[in-house]
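What follows is one structure encoded as C-alpha cells, with my remarks underneath.
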Amino acid sequence: MENRQPNVNFATSEDKQENWVNIKKPTPFGQTPASRLLHSTNKPRLHPDDLPRLQSLLKKWLHVSRVSPLFGYSPTCLKMYSQMLSAHLQAEQRKGVPVEMGEHHTGHALLSIFPGLAVTGKESEAVCIQVFKKESKTKQKIVWEGVLCCTDADVSLLASIPAEFTCLPLMLWYGPKGVGMQVAGWLQKTFDCRVGTLTLTSQDLAWMVTLWIMNEGKATNCTELKWTAPTEVKEGLTISMSIHPTDALQLWECIHMGGNEVTMQEVSNFMNGIESHFYNHFHIILSAMSLAYIGTSAACAARKGKIKLICQKTIVVVVEKMVEMVVVVVD
C-alpha cells in the first residue's frame, strides 16, 4: 500500500438515544465464527422482473431488525395477514395509540412476496410488508415498508427448524418508528416470534467492510470508516477516514491467504494495518476507540443497526451477509 496520507476528519456530535425495542445481539450460532465465505456458492436466481422491486431498497437508510422463526406462517395466507394487520393498525389508532399515520388517517397494510432474495430454493421467499395512509378518497401513500428475508441461509440451520416454523430472520425497513413498533408487535402476537433491533459491534462492522470490499468488484468509491471515542475521554468525538479503493485492495491482497474463506485473523490483520497506517501519521490509537460506521461501494452500515444498499449488483451479496449476522438457532 502506498504511503498515502489518509483523508481524515475530526468532529464532535451528541449521540442521541433511540426509543426502540432492543435485544442484545448474539453472534451467529452463539459465537463469533472463525471464518466466513467470501463468495456464496449459490448464484442468485434473478429474473429481470425482480429488478424494480430490488431497486426499491437502494440508497435509503434501512433499519435492521432480527426476527425469531415465525410459528404458523404460510405464504398462501398473505391476503388474510394484510387484513389482520390493517385491522390491528386501525384498532390501535382508535385506542389513541400514536402510530404516526397522521391525524384522522387509518392505516391500510399489504403483505406480498418480495422477489429476488431467495437464492437457494430451500429458504422461504422474502415477504414485503407495506403500510399506507390515505391522502384522499382515491389516493394513498406508502408510509412504512419492511422486507423479511432468509437469503442464502445456512442449510443446516433451515433443517434444524421444526416444520411449523418459518425462518425469515432479517427484516430491513424504513419509515416512522411508531408504525414499525406496531408492525413488530403484530408480528410477535400473530406468529409467536420476537422482533428486536440489531446493534452492530465494531467486530461486526470489521467483518462487513472486509467482505463487502472484496465483493464489490472494481470499486470506484473510497472506503469510509468512522470511529467514536469513549464518552469518558471526550463526549461525541468522531474520527473519519477515507481510504482510496486501490489502497484497500492492495492491503487486503497482502493479508488474504487466497481461496473463498476469510478468517477472523485476516479481518483483524486488515483492520490493524489500517490503524497502524493512521497511527504513523497522527499518533492516535484507533483500536482504543469504537468502529461506528463503514461505507463501501456496495453498502454503508452504522453501529445503531442501519444499512444503506448502494449498488444493485451487490444487493443480494450484502443481504446474505446481513442474514449471517442475525440468524437465530431454534432448539
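Just so you know, all these numbers are worked out from the coordinates, no wet-lab data involved. Worth saying up front: this structure is predicted, and the values here are computed from it rather than measured. Every residue, glycine among them, receives a Cβ derived from its backbone with ideal geometry; neighbour counts consider all protein chains shown.
Observations
- Qualifying residue in region 260-280 (condition: on the phi > 0 side of the Ramachandran plot and not acidic (Asp, Glu)): no
- Residue in region 221-234 that is among the charged types (D, E, K, R), buried (at least 21 other Cβ atoms within 10 Å of the Cβ) and in contact (Cβ under 8 Å) with a residue 12 or more places away in the chain present: no
- Counting only strands (runs of 3 or more DSSP E) that sit completely within region 118-201, those holding 1 or more residues that are without any contact (Cβ under 8 Å) to a residue 24 or more places away in the chain and more than 20 Å from the chain's Cα centre (by Cα) correspond to 140-149.
- Scanning region 103-117 for residues that are closer than 20 Å to Gln90 by Cβ and part of a loop (DSSP other than H, G, I, E, B) returns Glu103, His104, His105, Thr106.
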